[in-house]
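**Q** One structure is given below, represented as structure tokens, and several questions about it will come after.
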Amino acid sequence: MGIFDFLGGEFIDVIEHTDDTDDTLVWRFERRGNEIKYGAKLTVREGQAAVFIHEGQLADVFSPGMYMLETNNMPVMTTLQNWDHGFQSPFKSEIYFINTTRFQDLKWGTKNPIMCRDPEFGVVRIRAFGTYTIRVSDPATFMREIVGTDGEFTTDEISSQIRNLIVPRFTNTVASSKIPVLDMAANMESLSQIIEEQVSPQMAEYGLEMPVFLIENISLPAAVEEAMDKRTSMGVVGDLHKYTQFAAAEAMGDAANNPGGGGGMGAGLGMGMGMAMAQNMAGNMAQPQAAAPAAAMPPPPPVETVWHIAENGVTRGPFSRAALGRMVSEGKLKRDTTVWSAGQDGWKPAGDIAELAQLFTVSPPPPPPPA
């Protein structure tokens, strides 16, 4: 912080201040009961200003540089008591070091929701927050209007006051802009610029300026955002009926792939989804539909009968009727060969079955034995 050099153990010879914090706007150089010596050195670094207070009056403001506290280089102070005597009579003065650099990433936000009329949603409540930057532009005004006699003034002591300047202007700007809530994200830069222009004159009255003001987010209540998310999801899904069927089919597939998972829970879930989908499909089928022309709906193909052959205690098959016809022509199937098909009452000779008896009448008889 401050560095004190004492000459003769009584007077301060060097007055300076270094700061390693990131929130100190003003720091008072403590006298500790010592008097400032005529000709003492005052060092003001870049990013600083020094305000000299003499017997309760603001005497002068020093910009960056090194000064000898003498009457010939302090024209303002020459009009004050005792300065024209060259410190011949005792006096006490105060020096305040003011940080004139930018203080960045300071936060602002709305404590309570702001009521607005939205052209799409009607009356809505919105919240907003963001950041801003300040710097001391007029150290003398800042000392008179804000700091007073505070020996160590930080950004926390003024942040609430600045927020009280920002929020009403933000409310007025947003309400009068008539910008839909869904379009505010695309207009944050222009809204930030408007609010900055409205706040700056009031900040200047405090000896401050606001180089940067940003709106980072404008949000709706959680319930409204949740409803909007659902609406967006429905838009992404498209046909909700088809999506329901697809989700049910996927659930059935997952349950089939994991029949033992969860003590049968997966199988039960798949069965339930399958029943729901079946009921849904049955309901769709029950709805009246336009009858299609008869020519457009061909009848289903007939179910072909297949046959089994039993010879020497061994069964073969099944064979189609065409295959049996080839066997007849090759002499491998005879009238007394026993055959059977589904629905038939036991084994019967092929010649006794009307459907197969035709094969023997069409086929030529076996060739005569060689002479």
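**Q** So is residue 147 within 19 Å of residue 49 (Cα to Cα), buried (at least 16 other Cβ atoms within 10 Å of the Cβ) and touching a helix residue (DSSP H, G or I) at 6+ places or on another chain (Cβ under 6 Å) or not? Steps first, please.
**A** Numbers: within 19 Å of residue 49 (Cα to Cα): yes; buried (at least 16 other Cβ atoms within 10 Å of the Cβ): yes; touching a helix residue (DSSP H, G or I) at 6+ places or on another chain (Cβ under 6 Å): no.
Judged against the criteria, residue 147 is not a match.
**Q** Take residue 143 and decide whether it is at pLDDT below 90, assigned to a helix (DSSP H, G or I) and in contact with a strand residue (DSSP E or B) (Cβ under 8 Å, 6 or more places away or on another chain). First the steps, then the outcome.
**A** Numbers: at pLDDT below 90: no; assigned to a helix (DSSP H, G or I): yes; in contact with a strand residue (DSSP E or B) (Cβ under 8 Å, 6 or more places away or on another chain): yes.
Answer is no for this residue.
Condition check ((1) closer than 24 Å to residue 122 by Cα; (2) aromatic (Phe, Trp, Tyr); (3) surrounded by 12 or more Cβ atoms within 10 Å (Cβ to Cβ); (4) at pLDDT 80 or above) across all residues:
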position: 196; (1), (2), (3), (4): no, no, yes, yes
position: 203; (1), (2), (3), (4): no, no, yes, yes
position: 213; (1), (2), (3), (4): no, yes, yes, yes
position: 217; (1), (2), (3), (4): yes, no, yes, yes
position: 229; (1), (2), (3), (4): yes, no, no, no
position: 232; (1), (2), (3), (4): yes, no, no, no
position: 240; (1), (2), (3), (4): no, no, no, no
position: 248; (1), (2), (3), (4): no, no, yes, no
position: 269; (1), (2), (3), (4): no, no, yes, no
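**Q** Oh, and also: Could you check, for the stretch 170-191, whether at least one of its residues is surrounded by 18 or more Cβ atoms within 10 Å (Cβ to Cβ), closer than 24 Å to residue 104 by Cα and of a type in the set (A, V, I, L, M)?
**A** Within the stretch 170-191 (the criterion being surrounded by 18 or more Cβ atoms within 10 Å (Cβ to Cβ), closer than 24 Å to residue 104 by Cα and of a type in the set (A, V, I, L, M)), the answer is yes, since at least one residue qualifies.
**Q** While we're here: Please identify the pairs in which a residue from the stretch 182-199 that is on the phi < 0 side of the Ramachandran plot and outside the structural domain of residue 213 (by TED's automatic domain parsing) has its Cβ atom under 8 Å from the Cβ atom of a residue that is hydrophobic (A, V, I, L, M, F, W, C) and part of a helix (DSSP H, G or I), counting only partners at least 6 apart or on another chain.
**A** none
**Q** Hey, residue 59 hits all of (1) farther than 29 Å from residue 19 by Cα; (2) modelled with pLDDT under 90; (3) of a type in the set (A, V, I, L, M, F, W, C) but one; which does it fall short on?
**A** The one condition residue 59 does not meet is (1).
The values are calculated or read from the model by the stated rules, or taken from the named source; none is laboratory data. These figures come from a predicted structure and were not determined experimentally. Glycine gets a Cβ as well: all are built from the backbone with ideal geometry, and neighbour counts include every protein chain shown.
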